[in-house]
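*Asks:* Let me begin by handing over the structure; questions about it come next.
The values are calculated or read from the model by the stated rules, or taken from the named source; none is laboratory data. Since the structure is predicted, the reported quantities are computational estimates derived from the model, not experimental observations. Here the Cβ positions follow ideal geometry from the backbone for every residue, glycine too, while neighbour counts run over all protein chains shown. Accessible surface areas use protein heavy atoms only, side chains included; no ligands, DNA or RNA. Shrake-Rupley method; radii C 1.70, N 1.55, O 1.52, S 1.80 Å.
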Amino acid sequence: MTFAGNWDHLEPATKEAYRRFDALTEQGLDPGPGTDWRLYGTYAHTKLWLGPQGGHDYDERVLRLVRTVAGRAIDWTPDDAWNLAERAGYWARQGHTRHEELYRIPLSAAHLLHPQQRRDLFGHLTDLGELQPLLESLLTEEGPAGAVRNVIGEADPFATMLAEEYGLRLAGMLPLLRHWATADTPAPGDGWLPVVCDLLTSEAIALVHELVIRLAAYRGGPFVCHHADISWSEDRFLKGRTVSVVRGLIWTCEVIDEPWVPSLLADAAVTCGTGHDGPGSTCRSETVANGAVGVLARRGGPETVAPLALIQARVRAASVQENVTRALDALADAAALTRDQFLDRTLPAAATPREVEQARTAARYRLEQALIHQREWTWREVGEHLLDHPVTGPDARTLVWRIPGGPSGLPVRTVDGWELAGRRPEGPVALWHPADASAEEVGAWRERGLAQPFEQVLREVYVEEPDRVAGHVVRYDLARTELIRHGWTGVSIGYWEHDCHEGQGEVVRDLAGWQARWLLRVVEGMSDEGWDLDALCATNPMTFHRDGQEVPAASVPPLVRSEILREADLTVAAASAGPDAQHLVDHYDGYWH
């Protein structure tokens, strides 16, 4: 009855006991007095293995043995219960099809496990025949909080909050909660939102509003996890079924016609699309952030523009950026404008304080990007859409503007309108950048002591060769965050593979048709499993490229070179591992130079 080699991994004493149990089973005998029933029960469960190809048919003596053990009160431990369930699941995946027999003994011990462990181990089972009532009782908790956990589980602090603080209200609208739990695709299918419309009530809309506010303010936190008889705490944001439930919550906002929806969705998207270290850090939940962007895109209308622009300014995740850009481009195309022109013209004139704050944050980001990319406007556009606008005016009026090839100055209001350097320019204008100005002009502007929304006249200018950013030791996680925030990409931005060029990766910055490449190499935190998140990496000299060919740094336009080196220098400053780690670079001294 025993497959050859089935017990080869066991300790000699256990193997000998199993052989004795096997002989008794062959004769149809019970194990007798003094039996270690935990050992006998584990033996009985192993008899259900039919080989690596699985199967269906069992000897009746085995089935009788399994049912005897399952019906007995055995002093199992939580670790036993977990191992029995894991083994049954593995055999089921191998092709053993008598699931009611595979799980008979594990279910008899499952009451020892934490409720979430039961959901993890048994929640996927659908039909166990005569064991179905036992399964359902093990997976069902009582009370309002239990009713919520029965739907969403409890795998993170947000799920705990939903059950404990909102259990009574959610228990009164379980069909909607269950429907949220089905939101497991990137976008709602054709029939998903009509069901929401049928289930929405005024009470449900009020609860959605409250829950999205909680989501926007939520930052995750410590959560107690359980495995068999072991418990530990780890930081979590959203996990497991909570992700689907929250995405369903966000999708529901698509059919709610309330003024709070667009700005609150933006706040939720920013929370989920950023991390604890700000815009460049790992997304807390890219899935939910994209869900919010999708709702704003499908809603359309002018009230969604500022929220989308805020997400574009704050969230650096590539997929979120792509979805926001696609949504804004569609709106701009419909208005026959470029995206930048469209965003200038759709700033909210009258809004709540929160909406003004969102719009101002997004506008400041776009103005700084305009400085870096040297975007050009007509002076009429600057006056009408920036200087005179209540959202952008206070910032735009403190910035220095220039006429290409001509003078620079602050905007001055006259009885006839806005002037720049004593004139009303007819041609294009742009924001002044110190990299394109003389030292005397830069010094004169800096002496003015202007209070500006971002560094313009005080902006660092880099004229040095790119070797200045080589030979530093930086913390990988902080460098990654800072580089992504500035728009760098590359294979090393993320979890590095152990066999990826012996622990080195190149980060890339594209700007105005030029490209910078910066090689980083892990020098500490390396193991056979890969790189630790707190690994240290050393920086190589930066190279510049044009049309795929390396070019001398001196051939790169001063503004482009300065901005790229500034971003690299800011990264080194933010992520430096300090002088105590500098000896790690010395080991590679020949490599760097």
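*Asks:* Using only alpha carbons, build the gyration tensor for the stretch 353-447 and give me the equivalent ellipsoid semi-axes, biggest first, whole Å.
*Replies:* One finds semi-axes of 22, 17, 12 Å for the stretch 353-447.
*Asks:* Note the angle between two axes, namely the Cα long axis of helix 202-217 and the longest principal axis of the Cα atoms of the chain, as a number of degrees from 0 to 90, rounded to the nearest 10.
*Replies:* Orientation of helix 202-217: about 70 degrees from the principal axis.
*Asks:* Continuing with the same structure: Accessible area per residue of the stretch 367-510 at 1.4 Å probe, in Å²?
*Replies:* For the stretch 367-510, the per-residue accessible area is 48 Å².
*Asks:* Any idea what % of Cα-Cα pairs in the stretch 265-323 are farther than 15 Å?
*Replies:* 36 percent
*Asks:* Also: Roughly speaking, to the nearest percent, how much of the stretch 12-140's 1.4 Å accessible area is carbon and sulfur?
*Replies:* Using a 1.4 Å probe with all protein chains present, the stretch 12-140 comes out at 49 percent carbon and sulfur.
*Asks:* Once you treat every alpha carbon in the stretch 323-392 as an equal point and sum by Debye, what is log10 I(q)/I(0) at q = 0.11, 0.17, 0.20, 0.24 Å⁻¹?
*Replies:* These q points yield log10 I(q)/I(0) values of -0.27, -0.66, -0.93, -1.27.
*Asks:* To continue, here is another question. From Cα coordinates alone, what are the radius of gyration and Dmax values for the stretch 230-330 in angstrom?
*Replies:* Reported Rg and Dmax, both Å: 13.8, 53.
*Asks:* Oh, and also: P(r) for the stretch 148-236, please, calculated from all Cα pair distances in 5 Å bins and given in %.
*Replies:* For the stretch 148-236, the pair-distance distribution reads 3, 11, 20, 23, 20, 12, 6, 4, 2.
*Asks:* Just the C-alpha atoms of the chain: what Rg/Rh do they give, with Rh taken as the Kirkwood radius?
*Replies:* That ratio equals 1.10.
*Asks:* Sticking with this structure for a sec: How much accessible area per residue does the stretch 151-344 have, in Å², with a 1.4 Å probe?
*Replies:* Per residue, the stretch 151-344 has 40 Å² of solvent-accessible surface.
*Asks:* Rounding to the nearest 10 and keeping the result within 0 to 90°, find how far the Cα-based axis of helix 353-373 lies from the longest principal axis of the chain.
*Replies:* Taking the Cα atoms of the chain, the angle to 353-373 is about 70 degrees.
*Asks:* In whole percent, how big is the carbon plus sulfur part of the accessible area of the stretch 371-515, probe 1.4 Å, protein atoms only?
*Replies:* 49 percent
*Asks:* Oh, and also: Of the peptides 46-56, 361-371, how do they stack up when ordered by the mean number of other Cβ atoms within 10 Å, highest first?
*Replies:* Going from most to least packed, we get 361-371, 46-56.
*Asks:* Any chance you could run the full-extension gain for T77 through E203? It's 0.36 nm times the residue separation minus the Cα-Cα distance, nm to one decimal.
*Replies:* 40.9 nm
*Asks:* Angle, helix 558-575 long axis vs. longest principal axis of the chain, Cα atoms, 0 to 90°, nearest 10?
*Replies:* Tilt of helix 558-575: around 40 degrees.
*Asks:* Rounded, prolate or oblate: which fits the stretch 287-429, taking a ≥ b ≥ c as square roots of the Cα gyration tensor eigenvalues, rounded meaning a/c under 1.5, else prolate when a/b beats b/c?
*Replies:* Here the stretch 287-429 falls in the prolate category.
*Asks:* Can you tell me the Rg and the Dmax, both Å, for the Cα atoms in the stretch 1-107?
*Replies:* Values for the stretch 1-107 (Cα only, Rg and Dmax): 13.0, 36 Å.
*Asks:* Output the relative contact order of the stretch 204-272, whole-number percent, from Cα pairs under 8 angstrom with separation of 6+ residues.
*Replies:* 43 percent
*Asks:* Continuing with the same structure: When the C-alpha atoms of the stretch 151-344 are aligned to their principal axes, what extent does each axis show, in angstrom, from largest down?
*Replies:* 62, 40, 24
*Asks:* Could you tell me the calculated FRET efficiency between R326 and L63, based on Cβ-Cβ distance and R0 = 56 angstrom, to the nearest 0.05?
*Replies:* With a Förster radius of 56 Å, E is 0.45.
*Asks:* While we're looking at this one, here's another question. Quote the relative contact order of the stretch 151-344 in percent (integer), defining contacts as alpha-carbon pairs under 8 Å separated by 6+ residues.
*Replies:* Over the stretch 151-344, the number comes to 20 percent.
*Asks:* Tell me, what ³J(HN,Hα) does each residue in the stretch 163-180 have, in order and in whole Hz, if you take phi through Karplus 6.51 cos²θ - 1.76 cosθ + 1.60 with θ = phi - 60° and put x for Gly and Pro?
*Replies:* Per residue, the Karplus-derived 3J(HN,Hα) values read 6, 7, 9, 10, x, 5, 6, 5, 4, x, 9, 4, x, 5, 4, 4, 5, 4 Hz.
*Asks:* Provide the net charge surrounding W379, with neighbours chosen by a C-beta distance below 11 Å and charges set as Lys +1, Arg +1, Asp -1, Glu -1.
*Replies:* Neighbour charge sum, excluding W379 itself: -2.
*Asks:* I need the calculated FRET efficiency for the pair R446 and W232, taking r as the beta carbon distance and R₀ as 60 Å, to the nearest 0.05.
*Replies:* According to the calculation, E is roughly 0.65.
*Asks:* Return a whole-number percent for the relative contact order of the chain, with Cα pairs under 8 Å and 6 or more residues apart as the contact set.
*Replies:* In percent, rounded to a whole number, it is 8.
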